[in-house]
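These notes concern the structure reproduced below.
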Amino acid sequence: MNPEVEVFETADGSMTLVDVARGVHYRSRHGAVQESRHVFVEGSGLVGRTGTWRVLELGFGAAVNLVETVRAFREREAATRLVYHTVDWRPVGPEALTFHDGEGGELARAVALKTQGSAGEAARVVSDDGRIEVVLHAMAWEEVVLEPGEQVDAIYHDPFAKEVNPQAWTPTCFAWSRAWAAPHARLTTYSAATAVRKAMEEAGWVVWRAKGPGRKREMTVATLQDAAVELPGLKRWGQG
């Protein structure tokens, strides 16, 4: 069953959704697109990559991350293919995503439509030119299995907050996403909570602090690189 949602305009003029029953916003009220671009599309380092972009997202939500990733991909001439896996055990229906325009919106609605009445299955859509593939896994993250040997460049850790979805912020969940990460991959999330960062470290991630979007002071980036590596714009968590 789809969650009951309403469209909400955020401070930067972009839209997100609100879960009516729980009163939870799917994206920051201070700027949905601003947060999506800063934390996930840019924070993951995808925009600097050439060739194929492979993404694993936990939390399809209002599809803002998908739409912004598609937009960034089309703007990057050196990017040749986008494979976007997104996980949501109870995805919204296509009628909730009509506020998205352009190709990203069309793909989001198409894949959401395919999941209707298909809980526990993966729905797949491909762009007209075949360069973009979106797979929506309508199931719990514990049940998701990618193709053998498949590794992703970016992990968008974007479920509801720990107070609403505690299982998605555990070492077990971060170990699950780590299993699909390429050696150079980055995991990014809007959360800067100490407990979340400790859970990442327990799962084997190297944790970094980064500037948050807008008025938010910090966000978190995690890599598989050695703690001695210095990454521009990132500061190793726990080291001053």
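The residues of segment 134-155 that are at pLDDT 95 or above, open to solvent by 30 Å² or more (accessible area, probe 1.4 Å) and closer than 30 Å to THR50 by Cβ amount to a single one, GLN151. The residue list VAL164, VAL221 contains one member that is within 27 Å of THR10 (Cα to Cα), surrounded by fewer than 16 Cβ atoms within 10 Å (Cβ to Cβ) and of a type in the set (Val, Ile, Thr), which is VAL164. Specify which of the listed residues (ALA179, ALA195) is out of contact with any strand residue (DSSP E or B) (no Cβ under 9 Å at 6 or more places or on another chain), within 25 Å of SER28 (Cβ to Cβ), open to solvent by 40 Å² or more (accessible area, probe 1.4 Å) and of a type outside the set (Phe, Trp, Tyr). The unique qualifying residue is ALA195.
Kindly indicate whether PRO213 is of a type outside the set (Asp, Glu), touching a helix residue (DSSP H, G or I) at 6+ places or on another chain (Cβ under 9 Å) and either assigned to a loop (DSSP other than H, G, I, E, B) or surrounded by fewer than 20 Cβ atoms within 10 Å (Cβ to Cβ) (or both). It is true that PRO213 is of a type outside the set (Asp, Glu), touching a helix residue (DSSP H, G or I) at 6+ places or on another chain (Cβ under 9 Å) and either assigned to a loop (DSSP other than H, G, I, E, B) or surrounded by fewer than 20 Cβ atoms within 10 Å (Cβ to Cβ) (or both).
Rundown of residues vs (1) of a type in the set (Phe, Trp, Tyr); (2) in contact (Cβ under 8 Å) with a residue 60 or more places away in the chain; (3) touching a Pro at 6+ places or on another chain (Cβ under 7 Å); (4) open to solvent by less than 10 Å² (accessible area, probe 1.4 Å), yes/no style:
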| site | (1), (2), (3), (4) |
| --- | --- |
| VAL18 | no, no, no, no |
| VAL41 | no, no, no, yes |
| LEU46 | no, yes, no, yes |
| GLU57 | no, yes, no, yes |
| ALA63 | no, no, no, yes |
| ARG71 | no, no, no, no |
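For segment 20-39, taking the residues that are open to solvent by 30 Å² or more (accessible area, probe 1.4 Å) and among the charged types (D, E, K, R), the one that is modelled with the lowest pLDDT is identified as ARG22.
With respect to PHE99, determine if the residue is among the aromatic types (Phe, Trp, Tyr) and part of a loop (DSSP other than H, G, I, E, B). So PHE99 passes the test. Residue selection: ALA78 fails the criterion of being touching a Gly at 6+ places or on another chain (Cβ under 9 Å), small (Gly, Ala, Ser), surrounded by 23 or more Cβ atoms within 10 Å (Cβ to Cβ) and more than 25 Å from GLY212 (Cα to Cα). Among the candidates ASP88, ASP101, ASP128, ASP158, the residue that is of a type outside the set (Gly, Ala, Ser), under 27 Å from ASP226 (Cα atoms) and either touching a residue at least 24 places away in the same chain (Cβ under 8 Å) or open to solvent by 60 Å² or more (accessible area, probe 1.4 Å) (or both) is uniquely ASP158.
The values are calculated or read from the model by the stated rules, or taken from the named source; none is laboratory data. Please read all numbers here as calculations on a predicted model, not as lab measurements. Please note: Cβ atoms are built from the backbone with ideal geometry, for glycine as well, and neighbour counts cover all protein chains shown. Just the protein is used for accessible areas: all its heavy atoms, side chains included, with ligands, DNA and RNA removed. Shrake-Rupley method; radii C 1.70, N 1.55, O 1.52, S 1.80 Å.
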